[in-house]
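As structure tokens, the structure follows; a few thoughts come after it.
Rule-based calculations on the coordinates, nothing more; no lab input. Treat the numbers as computed from the prediction; the structure is a model and nothing was measured. Glycine gets a Cβ as well: all are built from the backbone with ideal geometry, and neighbour counts include every protein chain shown.
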Amino acid sequence: MTAVCALRAEWTKLRTLPSTWWMLAAIAGLTLAVGAAVTGSVDTSHCSTPAGCMEDTPKLALSGVQLGQVAAVVLGVLAVGGEYAAGTIGATLAAIPRRSTVLAAKAAVVAAVVAVAGTAGVLASLAVARGLLPGNGFTSANGYPPLSLADGPTARAAFGTVLYLVLVALLALGVGTAVREQAAAITAVLALLWIVPIITRLIASAKWEDRLDKIAPMPAGLAVQATRGLERLPIGPWNGLGVLAAYAAVALLAGGALFTLRDP
Amino acid sequence: MEATIEVRALRKTYGPTVAVDDLSFTVAPGQVTGFVGPNGAGKSTTMRMIMGLDRPDGGSALIGGKPYRSLRAPLCRIGAMLDASAVHPARRARDHLRWLAQANGLPARRVDEVIDLAGLASAAGRRAGGFSLGMRQRLGIAAALLGDPPVLMFDEPVNGLDPEGITWIRALLRSLAAEGRAVLMSSHLMSELEGGADHLVVIGRGRLIADTAVGELLKAASGDRVELRTAQRQDAMAVLARAGATVSASGPDEVTVAGLTAERVIAALNGAGVGFTGISEHRATLEEAYMELTRDAVEFQGVAGREAR
């Protein structure tokens, strides 16, 4: 009863803010736009033979999620940080005194809306890439069958990418609950996501790159997009997503503990 | 459920600062209780502890005998407006009330009812960010009334309002109390409670200074003083002093008389043939009574400080 009431209240809170709809549009729109731009800019002309490119076309098509995730981070942080900024957290806790119920309800509605927007962005990205790829030399004849969810690895990459966005939003919700201040929380989550990709670009050591990619939330989590050369990945697709899930779980538990223990 | 707020030996510290110190009082049903003290006296902290928002370092606060955090559908037990500006600026007023109602399983029609009750019908579809302070106060009051609770608590509800708004809130609180609800209203200005409160809880530096009915407080502060208006001030003062009164000049042709009833003042003056043009029993204002109270508290603190040394 209380849980259902909390879910309804959180859903109403989320849907009655214009920023929510902008962020959801940005998740889908940025994922699609960047994915299409990247896919359209790569062709087989730089390889000795088209098949020799060994291009992971589903991963290429879904690369827009690297920017789309920023909107998921903002949405996750705003879901709780906006309450602290506006002061409505007091009214929320007055109506539902159990802190864990409030945070669980927020996590559920954030996960649901990001899953919907993420699915839209992922499906649109695949559809657009399917149209663009053959024109750039990625044809069936060259060993690149048209993108299709009937293909197991492609379906896993697509589904995993939606989960990736959901987990990033939950990570942001957890950090936002712990930090409370919106700008600080968004900065912290983006730093956590991008620090390893930036560092590995600078250190140029394959060994360290592998080590860091296994434990960093973004490189590990995006392993779920790989459909080729899985044996050469630092971490397997589902294990990688598991690493991100662990980050999200720790952030939510830490945020939940602080939420329960301290005065708002 | 009994409509009460019971605060028992409540204590809250922030580092070395004691915000609320061994505070006990009860808010009874059927009347408006004014919660008064200067800014920083601990009123808001006390209210936040009553709401289960801040954790006390000692003591307890109970609503109808239960701690806030154990209440089921708390909006139906106690309605509160702690901070009228605490609405998301981008959310429409009606939606703000809607999610609150849903959080406690209240029917959607309650939202429309409190919107009408608070006189917000024309503004309910607008985003709260564009609201004036007065409209935010109305929205906060609408939110407090959502669950039709037997206990209501308002932190500085008339602060910053225009006279029309103040009159409206006073009348509303009065009618809520007349319906048998317990109403607690804080203010840092005693004058705001003049004619608005039946009972007063006065605090300073987190401690209880007074817990008294307004009528008794005024009677005590008024003393048995009589205000006299006369053209023969010197003569009147001499006559009344001989009759055993303590007299003082309070204006060019005004005398304040203590220690004699109005009847005996009249008798004494008539007996001595001293004329006067007006006589009235002095009625203290709440502000005067408050000054007297806080002066006593300051003196008490001074004595206590010396004893401690």
Worksheet item: How far is helix A:65-86 tilted off the main Cα axis of chain A, in degrees rounded to 10, range 0 to 90?
Response: 10 degrees
Fill in: Fewest-first sequence of B:Phe154, B:Phe276 by Cβ atoms within 10 Å of each Cβ
B:Phe276, B:Phe154
Discussion item. If I stretch the segment between A:Ala254 and A:Ser45 completely, what's the gain in nm (0.36 nm per residue apart, minus their alpha carbon distance), one decimal?
Written reply: 70.3 nm
Worksheet item: Long-range amide H contacts for A:Gly64: which residues qualify at under 5 Å (H placed 1.01 Å from N, peptide plane, sequence gap of 5 or more or a different chain)?
Response: A:Gly35
Response to the item:
Going through A:Lys106/A:Lys207; A:Lys106/B:Lys12; A:Lys106/A:Lys214; A:Lys13/A:Lys214; B:Lys43/B:Lys219 one by one, the pairs whose alpha carbons sit over 32 Å apart turn out to be A:Lys106/A:Lys207; A:Lys13/A:Lys214
Worksheet item: Add -39500 (n - 2.57) for each DSSP H run of 4 or more in chain A, then divide by its residues: what number comes out at 222 nm, to the nearest 500 deg cm²/dmol?
Response: -25000 deg cm²/dmol
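Semi-axes, largest first, in whole Å: what does sqrt of 5 times each Cα gyration tensor eigenvalue give for the stretch B:224-281? Intermediate values should be presented prior to the final figure.
On the way: eigenvalues 35, 31, 22 Å².
Computed over the stretch B:224-281, the values are 13, 13, 11 Å.
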Worksheet item: Quick one: Kirkwood hydrodynamic radius for the stretch B:7-100, alpha-carbon pairs, angstrom, one decimal?
Response: 14.9 Å
Fill in: Nearest 10 degrees, 0 to 90: helix B:286-308 Cα axis against chain B principal axis
90 degrees
Worksheet entry | Selected from A:Leu163, A:Leu202, A:Leu67 as most flexible by GNM, with chain A as the system and alpha-carbon contacts under 10 Å | A:Leu202
Response to the item:
Computed on Cα atoms, the radius of gyration and Dmax of chain A in angstrom are 19.7, 67
Worksheet item: With a Cα-only, solvent-free Debye model of the stretch A:98-211, what are the log10 I(q)/I(0) values at q = 0.11, 0.13 Å⁻¹?
Response: -0.58, -0.76
Discussion item. For chain B, set up a GNM with springs between Cα atoms under 10 Å and report which of B:Ala108, B:Ala142, B:Ala197 has the largest fluctuation.
Written reply: B:Ala108
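Quick check on the exposure proxy: order B:His188, B:His96 from fewest to most C-beta atoms within 10 angstrom.
So the ranking, lowest neighbour count to highest, is B:His188, B:His96.
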Worksheet item: Taking amide H positions as placed 1.01 Å from N in the peptide plane, with prolines and chain starts having none, which residues 5 or more places from B:Asp211, or on another chain, fall under 5 Å of its amide H?
Response: B:Val202
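Antiparallel versus total DSSP beta bridges in the protein assembly as shown: what percent is that, nearest 5? Walk me through the intermediate numbers first.
On the way: 35 of 53 bridges.
That works out to approximately 65 percent antiparallel.
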Worksheet item: Which of the cysteines found in the protein assembly as shown have nothing to pair with, since no other Cys Cβ lies under 4.7 Å from theirs?
Response: A:Cys5, B:Cys76
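How would B:Glu194, B:Glu263, A:Glu10 line up from fewest to most surrounding beta-carbon atoms within 10 angstrom?
Details: B:Glu194 15, B:Glu263 10, A:Glu10 26.
Least crowded to most crowded, the residues run B:Glu263, B:Glu194, A:Glu10.
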Worksheet item: Nearest 10 degrees, 0 to 90: what angle lies between the long axis of helix A:18-41 and the longest principal axis of chain A (Cα atoms)?
Response: 10 degrees
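Residues with beta-carbon under 15 Å from that of B:Gly244, excluding B:Gly244: net charge, scoring Lys, Arg +1 and Asp, Glu -1? Before the final figure, lay out each step's value.
Numbers: positive: B:Arg225, B:Arg242, B:Arg264; negative: B:Asp224, B:Glu263.
Net local charge, B:Gly244 excluded: +1.
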Worksheet item: If the convex hull of the alpha-carbon atoms of the stretch B:5-212 is projected onto planes in all directions, what is the mean projected area in square nanometres?
Response: 11.0 nm²
Item to complete: Quick one: compute a quarter of the convex hull surface over the Cα atoms of the stretch B:173-288 and quote it in nm².
Response: 9.4 nm²
Worksheet entry | Spatial separation of Cα centroids for the stretch B:195-223 and the stretch B:1-76, in angstrom | 18 Å
Worksheet item: What's the percent breakdown of Cα-Cα distances in the stretch A:189-264 across 5 Å bins, shortest bin first?
Response: 3, 16, 21, 20, 16, 9, 6, 4, 3, 1, 0
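Work out the P(r) tail for the protein assembly as shown: percent of alpha carbon pairs separated by more than 38 Å, whole number.
Numbers: 80876 of 163878 pairs.
Beyond 38 Å sits 49 percent of the P(r) for the protein assembly as shown.
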Worksheet entry | Proximal aspartates and glutamates relative to B:Lys66, as straight alpha-carbon distance under 13 Å, when same-chain residues fewer than 8 apart are discounted | B:Glu2, B:Glu6
Practice prompt. Rounded to whole Hz and in sequence order, give me ³J(HN,Hα) for the stretch B:258-268 from the Karplus expression 6.51 cos²θ - 1.76 cosθ + 1.60, θ = phi - 60°, writing x for Gly and Pro.
Written response: 10, x, 9, 6, 4, 4, 6, 5, 4, 4, 5
Worksheet item: Can you give the average number of partner chain beta-carbon atoms within 10 Å of each beta-carbon in peptide B:73-85, as a whole number?
Response: 2
